[in-house]
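All remarks here apply to the structure that follows.
The values are calculated or read from the model by the stated rules, or taken from the named source; none is laboratory data. Keep in mind that this is a model prediction, so the values were computed, not measured. With ideal geometry, Cβ positions are generated from the backbone for all residues, glycine too; neighbour counts draw on all protein chains shown. Quick note on the areas: whole protein, heavy atoms, side chains included, nothing else; ligands and nucleic acids left out. Shrake-Rupley method; radii C 1.70, N 1.55, O 1.52, S 1.80 Å.
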Amino acid sequence: MSSSQTTTTPLQRIQQDESEYLMHTYGRQPVALAHGNGVYVTDVDGREHIDLVGGIAVNVLGHTAPAVRAALEHQSSELIHTSNLYYTVPQIDLARLLVESSFKSRVFFCNSGAEANETAIKIARKWGQKRRSGAYKIVVAHNAFHGRTLASLAATGTEKYQQPFTPMPEGFVHVPYDDIDAVRDAVDDQTVAVMMEPVQGESGVVPMRDETLRELRALCDERDLLLILDEVQTGMGRTGRWWAHQHAGVTPDVMTVAKGLGGGVPIGAVLAAPRADVLEPGDHGCTFGGNPLATAVGGAVMREIEQQGLMDNAQRVGAHLQAALLALRDGGKPIESVRGRGLMLAVVLSQDIAPRVGRAGLETGVIVNAIGTRVLRMVPPLILTEAQADEAVRRLSAAFDIAMTEGGA
Ligand code: PLP
């Protein structure tokens, strides 16, 4: 046996197997996670981390949340899956909760954010055929992220994601984000909808001004367009309200939801207001969409957010975390600004060290998500406390120290 074989760590063994058996679609961080509890995760080497990524805005109640486990346990002993050929109560229950949390609408269930957006795009196309003489173009934003299926990828627009898979489905017009004039200029007779994220998540937590959202609503009314809001990342209480658009006091015609809805169990949903509720039997479907297991968990997650006051917590702890991060800047760390809303935050750095800080965080016990070279995204569980936020910032400070020493900064 060679010496290198004798010193293989658990992580290295996992990395070798991953490389052999999984498609190389992800650039993973050098850590294998084994257990989770609340905002903490433990890796296979036994190190504990405060998880400020939370499954990318998914684990809203934290890891292995009692409410999620109880719903899984109860529903899995009742009925796990039936298909949509039959009625089930958990599906209707979750649809009611979603509608009550948002606007008058009906719900279609699917399994992911991309599928939810794909459904929204189909709704817009059908609505265009029925109501707007075949108009089909959708105005979307530069740097948007709407998913990886072909149509949601066409909406996403990022050249490097699209290029290997061209030709893209047509009908998406990209304009600068948070720019009402650009949207107005892009609208023509063939335009059927405007589709936007209230805060762009994947491109680095870039919020749209409430004013712009109100102007978008007015423009859609004026030009008879559907306003589609992608709340896949911003929804489920993350910004301090159920849905980020509620801060602006507007309602969309179509809203897409996923990520946090299942608290870690895959589920997606689309809500269509009466004017956009055009899908009929046979138009669309999804084998797993809204199955009893996923919707029972979704219902439990929504009730728990309400009962535990997690929207208020997101607002309060988000403000606290933001202040603590700004204090790091004042203490000399290379931080330019902190942006975002509630517990959807980005630290914008003044040096190109975001990936290094992210990796150093794995040594100091805090998980953050580096986007590009200058942004650290934080979308932690909504149960995060102020004390945990403070501890996470202390660990992040230590991560900065390591990253800056490494780079000779
Ligand atoms: N829409 C937004 C705003 C997202 O942030 C994401 C994922 O990051 C998606 C859609 C795609 O969701 P999924 O990965 O569940 O398909």
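List the relative contact order of the chain as a percent without decimals, with contacts defined as Cα pairs under 8 Å and 6+ residues apart. Write down the numbers at each step before the final one.
Numbers: 819 pairs, mean separation 86.2, N = 409.
The normalised contact order for the chain reaches 21 percent.
Sort the following peptides by mean Cβ neighbour count (other Cβ atoms within 10 Å, averaged over residues), highest first: 149-161, 224-236. Present the calculation step by step, with values, prior to reporting the outcome.
Details: 149-161: 18.4, 224-236: 27.2.
Descending packing order for the listed peptides: 224-236, 149-161.
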query: Using the Karplus equation 6.51 cos²θ - 1.76 cosθ + 1.60 (θ = phi - 60°), what ³J(HN,Hα) coupling, rounded to whole Hz, does each residue of the stretch 156-163 give in order, writing x for Gly and Pro?
result: 4, x, 5, 3, 5, 6, 7, 3
- request: Please name which of A273, P292, Q322 has its Cα lying farthest along the dipole of the stretch 256-328 towards the positive end, using unit charges on Cβ (Lys, Arg +1; Asp, Glu -1) and the Cα centre as origin.
  value: Q322
message: Taking R0 as 25 Å, what FRET efficiency do you get between E159 and H24 from their Cβ-Cβ distance, rounded to the nearest 0.05?
response: 0.75
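In deg cm²/dmol, rounded to 500, what helix-only [θ] at 222 nm does the chain give when every DSSP H run of at least 4 residues adds -39500 (n - 2.57) and the total is split over its residues?
Details: 14 runs with 163 residues, N = 409.
Computed ellipticity for the chain at 222 nm equals -12500 deg cm²/dmol.
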Principal axis dimensions, the stretch 105-245 - Cα atoms, whole angstrom, descending: 39, 37, 31
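Going through the stretch 40-126, which GluC sites (Glu not before Pro) have at most 13 other Cβ atoms within 10 Å and a DSSP loop state?
On the way: sites: E48, E73, E78, E100, E115, E118; in loops: E78.
Sites meeting the loop and neighbour criteria: E78.
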field: Debye intensity ratio in log₁₀ form over the Cα atoms of the stretch 310-409, taken at each q of 0.16, 0.20 Å⁻¹
entry: -0.59, -0.92
message: Probe of 1.4 angstrom, ligands and nucleic acids ignored: what's the accessible area per residue over the stretch 215-268, in square angstrom?
response: 22 Å²
message: Sorting check: for 388-399, 262-273, which peptide has the highest mean count of neighbouring beta carbons within 10 Å, and how do the rest follow?
response: 262-273, 388-399
- request: Go ahead and run the numbers for FRET between R13 and Y87, Cβ-Cβ distance against an R0 of 45 Å, rounding to 0.05.
  value: 0.45
statement: With +1 on the Cβ of every Lys and Arg and -1 on the Cβ of every Asp and Glu, the dipole magnitude of the chain about its Cα centre, in debye rounded to the nearest 20, is 220 debye
- request: Report, as a whole number in µm² per second, the diffusion coefficient that Stokes-Einstein gives for the stretch 168-243 at 10 °C and 1.306 mPa s using the Kirkwood radius over alpha carbon pairs.
  value: 120 µm²/s
query: Long-range amide H contacts for V366: which residues qualify at under 5 Å (H placed 1.01 Å from N, peptide plane, sequence gap of 5 or more or a different chain)?
result: I50
task: Kindly rank 311-317, 199-205 from highest to lowest mean number of other beta carbons found within 10 Å of each residue.
output: 199-205, 311-317
- request: Convert each backbone phi in the stretch 258-267 into a coupling constant with the Karplus relation 6.51 cos²θ - 1.76 cosθ + 1.60 (shift: θ = phi - 60°), then list the ³J(HN,Hα) values in order as whole Hz, x for Gly and Pro.
  value: 6, 6, x, 4, x, x, x, 8, x, 6
statement: Taking Lys and Arg as +1 and Asp and Glu as -1, residues besides R28 with C-beta under 14 Å from its C-beta add up to -2
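Ignoring ligands, DNA and RNA, what percent of the 1.4 Å accessible area of the chain is carbon and sulfur? Working shown, then result.
Values: 9160 of 18160 Å².
Taking all protein chains in place, the chain shows 50 percent carbon and sulfur surface.
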message: Need one number: nm distance between label points at H74 and A319, each 7 Å from Cα along Cα→Cβ, rounded to one decimal.
response: 3.4 nm
- request: Would you please give the FRET efficiency between D188 and R209, computed as 1/(1 + (r/R0)^6) with r the Cβ-Cβ distance and R0 = 35 Å, to the nearest 0.05?
  value: 0.90
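Ratio of the chain's C-alpha Rg to 2.2 N^0.38 Å, to two decimals?
Here the answer is 1.00, to two decimals.
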query: What is the stretch 1-152's relative contact order, in percent, from Cα pairs under 8 angstrom and six or more apart in sequence?
result: 11 percent
field: Computed over the stretch 33-85: relative contact order in percent, which uses C-alpha pairs under 8 Å that are six or more apart
entry: 27 percent
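For the stretch 166-207, what is the accessible area per residue in Å² when the probe is 1.4 Å? All intermediate terms of the calculation are to be shown ahead of the outcome.
Values: 1650 Å² over 42 residues.
Heavy-atom SASA per residue in the stretch 166-207 reads 39 Å².
Note the full-extension length gain between A34 and R223 as 0.36 nm times their separation in residues minus their Cα-Cα distance, in nm to one decimal. Walk me through the intermediate numbers first.
On the way: separation 189, 0.36 × 189 = 68.04 nm, distance 5.17 nm.
So the chain would gain 62.9 nm between A34 and R223.
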- line: Sorting K104, K259 on solvent-accessible surface, 1.4 Å probe, most exposed first, gives K104, K259
task: Report the normalised scattering of the stretch 1-107 as log10 I(q)/I(0) at q = 0.22 Å⁻¹, calculated by the Debye formula with identical scatterers on the alpha carbons.
output: -1.19
- prompt: Can you list, bin by bin at 5 Å, the percent of alpha carbon pairs in the stretch 224-351, starting at 0?
  reply: 2, 10, 15, 17, 17, 14, 11, 7, 4, 2, 1, 0, 0
